């Protein structure tokens, strides 16, 4: 069950990465320059409230010094990466985690 769910989520994330690539490519062609949408911008365009609630959760509910350290350099750096990179990497990770493993057989 976990394998199916992991593959399912992974394929949806890969599909989202492909959509993000198409959107960035369309914007780049229209502007005649390379346009890359960071994950933070895409997330804030979809739902500013959830982005702010995640920031508040990380900074307040995790130990105060660790929460500030975790949000400022780590999560903000991830939010500055292109959307398709993050979605694609997570998609491939979930798909890989849910893969069907082959049984190793000994041949005589």
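The values are calculated or read from the model by the stated rules, or taken from the named source; none is laboratory data. All values reported here derive from a predicted model rather than from experimental measurement. A quick note on method: Cβ atoms are made from the backbone with ideal geometry, for glycine too, and the neighbour counts reach across all protein chains shown.
Could you tell me whether residue 4 is under 26 Å from residue 97 (Cα atoms) and out of contact with any strand residue (DSSP E or B) (no Cβ under 8 Å at 6 or more places or on another chain)?
When the stated conditions are applied, residue 4 passes them.
Could you tell me whether region 63-79 includes any residue that is in contact with a strand residue (DSSP E or B) (Cβ under 7 Å, 6 or more places away or on another chain) and touching a residue at least 24 places away in the same chain (Cβ under 8 Å)?
Scanning region 63-79, I find at least one residue that is in contact with a strand residue (DSSP E or B) (Cβ under 7 Å, 6 or more places away or on another chain) and touching a residue at least 24 places away in the same chain (Cβ under 8 Å), so the answer is yes.
What number of residues within region 12-67 satisfy the criterion of being within 20 Å of residue 81 (Cβ to Cβ) and outside any helix (DSSP H, G or I)?
Total satisfying the criteria: 7.
Rundown of residues vs (1) over 30 Å from residue 1 (Cα atoms); (2) at pLDDT 95 or above, yes/no style:
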position	(1), (2)
17	no, yes
72	yes, no
98	no, no
103	no, no
